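Peer 1: Encoded as structure tokens, here's the structure I'll be asking about.
Derivation of every value follows stated rules applied to the coordinates shown; laboratory data play no part. Because the structure is predicted, anything quoted here is derived from the model rather than measured. In this analysis, Cβ positions are derived from the backbone assuming ideal geometry, glycine residues included, and neighbour counts consider all displayed protein chains.
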Amino acid sequence: MPELPEVEIVKRGLEKAVLGQRIKRLSFNRPTLRLPLPVELPAQLAGQRFDTFARRGKYVIALCDGGYGFILHLGMSGVIKIIPAGEAYSPAKHDHVVFEMEDGGHIVFNDPRRFGFLKATTHDTWHLDNAFAGMGVEPLSNDFSGPVLARVLKGRSGPIKTALLDQKVVAGIGNIYACEALYMAGISPKRVAGSVQGKRAAALAGAIVEVLGLAIESGGSSLKDYYHADGSLGYFQHSFKVYDREGAMIDDQYPVKRIIQGGRSTFYCPAKQR
DNA sequence: CTCCTGTCCTGCCGGC
DNA sequence: TGCCGGCAGGACAGGA
């Protein structure tokens, strides 16, 4: 579920809550998520301070002053919960990873479907991790533009919607924001990806930047200090134009349709997207 | 290379 | 009320 905006909010929330704070203890409540949890990590991180949080695509990178750290992916259903110092932490179902901070606060990774994972890494090597090999341009960086998008789409014969979900094309876009950006740009999800060039590519790049930026903004502003009352980070109220709105009317007359592409739902408004 | 399918796992919702 | 099928925001492997 978490796409780039939600992951960005998680990263900012962690910065706000525990940057510079010392970890007292890290514990795992099961041996494996999507990948085995790194058994060496609790010993590496005990007593260390968080000194860096970063995001690349849908990944959060967390590093400590001792040089060790981890790369986190929230999968489909993962959330980070922050329980501030002074509040009691009561373990909940699917709390798989628990950081107990020196000040008494807790950071918890909860993931019912267990598609998420956590990998050990270091300050010096995290950027070399396989997770980032071949990953596409960061859409909110200065490196992203219409011409750049046009270049990575060139020659692709599959539909544009499916291409946008490929993390090698653009980093961090998932099913929701692929649908929303295509709607905003007026481009049909069924259009051949390679035909999104020139003006269309510029419009789509602009729409991607806008829709991701707005989502981060609304997440940041609608969350008190970036976390919910229950402490969970990573979800916030969105208002989507087409996603999950099959049958809704655009301009009171054009219905939103749902189709399947690459085994996943696509929502779009045929009358408004070509 | 690109594309297509299946798979991992739990929870929730709608229909009967 | 309960049971069952379908579907869910992701990513990767394997085969064509």
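Peer 1: Using 0.36 nm times the number of residues separating residue A:151 and residue A:246, minus their current alpha carbon distance, what extension gain do you get?
Peer 2: Numbers: separation 95, 0.36 × 95 = 34.20 nm, distance 3.22 nm.
Taking 0.36 nm per residue and subtracting the Cα distance, the gain is 31.0 nm.
Peer 1: List the residues of segment A:1-45 whose backbone N lies under 18 Å from a point placed 7 Å from the Cα of residue A:114 along the Cα-to-Cβ direction.
Peer 2: A:1, A:27-39
Peer 1: Further question: Once you have the alpha carbon radius of gyration of chain A, what is it after dividing by 2.2 N^0.38 Å, with N set to its residue count? Walk me through the intermediate numbers first.
Peer 2: Details: Rg = 19.7 Å, N = 274, 2.2 N^0.38 = 18.6 Å.
For chain A, the normalised Cα radius of gyration comes out at 1.06.
Peer 1: As a test of the formula, what do you get for chain A when each DSSP H run with n ≥ 4 contributes -39,500 (n - 2.57) and the sum is divided by the residue count, at 222 nm and rounded to the nearest 500 deg cm²/dmol?
Peer 2: Estimated from H runs of four or more residues: -8000 deg cm²/dmol.
Peer 1: Does anyone have the angle between helix A:4-18 and the longest principal axis of chain A? Alpha-carbon axes, 0 to 90°, nearest 10?
Peer 2: 20 degrees
Peer 1: Further question on the same structure: Explain nothing, just compute: Karplus ³J(HN,Hα) = 6.51 cos²θ - 1.76 cosθ + 1.60, θ = phi - 60°, for every residue of segment A:92-107 in order, whole Hz, x for Gly and Pro.
Peer 2: 10, 4, 6, 6, 8, 10, 10, 9, 9, 8, 4, 7, x, x, 9, 10
Peer 1: Same structure, new question: For chain A, find the longest principal axis of its Cα atoms and tell me its angle to the long axis of helix A:175-185, 0 to 90°, nearest 10.
Peer 2: 40 degrees
Peer 1: In the Gaussian network model of chain A, springs joining C-alpha atoms below 10 Å, which of A:111, A:129, A:143 carries the largest mean-square fluctuation?
Peer 2: The residue that fluctuates most here is A:143.
Peer 1: Shifting gears a bit: Output the pairs from A:93/A:168; A:168/A:241; A:93/A:257; A:11/A:199; A:93/A:119 with a Cα-Cα distance over 31 Å in this structure; if there are none, say none. Intermediate values should be presented prior to the final figure.
Peer 2: On the way: A:93/A:168 34 Å; A:168/A:241 26 Å; A:93/A:257 36 Å; A:11/A:199 33 Å; A:93/A:119 22 Å.
Violating the 31 Å limit, Cα to Cα: A:93/A:168; A:93/A:257; A:11/A:199.
Peer 1: Along the Cα-to-Cβ line of residue A:209, 7 Å from the Cα, sits a label point; which residues in segment A:147-169 have backbone N less than 14 Å from it?
Peer 2: A:147-150
Peer 1: Alpha carbon centre of segment A:68-140 versus segment A:202-220: separation in Å?
Peer 2: Distance between centres, Cα-based: 24 Å.
Peer 1: Per residue and in Å³, how big is the convex hull formed by the alpha-carbon atoms of segment A:4-132?
Peer 2: Values: hull volume 11.7 nm³, N = 129.
Hull volume normalised by residue count: 91 Å³.
Peer 1: Using only alpha carbons, build the gyration tensor for segment A:7-61 and give me the equivalent ellipsoid semi-axes, biggest first, whole Å.
Peer 2: Details: eigenvalues 81, 57, 15 Å².
Taking √(5λ) for each Cα gyration eigenvalue gives 20, 17, 9 Å.
Peer 1: What FRET efficiency comes out for the pair residue A:46/residue A:15, r = Cβ-Cβ distance, R0 = 22 Å, nearest 0.05? Working shown, then result.
Peer 2: Numbers: r = 21 Å, r/R0 = 0.96.
That pair, residue A:46 with residue A:15, gives E of 0.55.
Peer 1: Which residue, A:26, A:118, A:35, has the most motion in a Gaussian network model of chain A that connects Cα atoms within less than 10 Å?
Peer 2: For chain A, modelled as a Gaussian network with Cα springs under 10 Å, the answer is A:35.
Peer 1: Rounded if a/c is under 1.5, else prolate if a/b is larger than b/c, else oblate: which is segment A:63-104, with a ≥ b ≥ c the root eigenvalues of its Cα gyration tensor? Don't jump to the answer; show the numbers that get you there.
Peer 2: On the way: a/c = 2.57, a/b = 1.06, b/c = 2.44.
It comes out oblate by the Cα gyration axes.
Peer 1: Another question, then. Quick check for you: which residues of segment A:166-188 have the amide N under 17 Å from the point 7 Å beyond the Cα of residue A:257 toward its beta carbon?
Peer 2: Hits in segment A:166-188 for residue A:257 at 17 Å: A:179-180, A:182-184, A:186-188.
Peer 1: Right, something else. Could you give the longest part of chain A that holds none of the GluC sites (Glu not before Pro) found in DSSP loops with at most 15 neighbouring Cβ atoms within 10 Å?
Peer 2: Working: sites that count: A:40, A:87, A:102, A:246.
That would be A:103-245.
Peer 1: Calculate how steeply helix A:198-222 sits against the longest principal axis of the alpha-carbon atoms of chain A, using the helix alpha-carbon long axis, and give the answer as 0 to 90 degrees to the nearest 10.
Peer 2: 40 degrees
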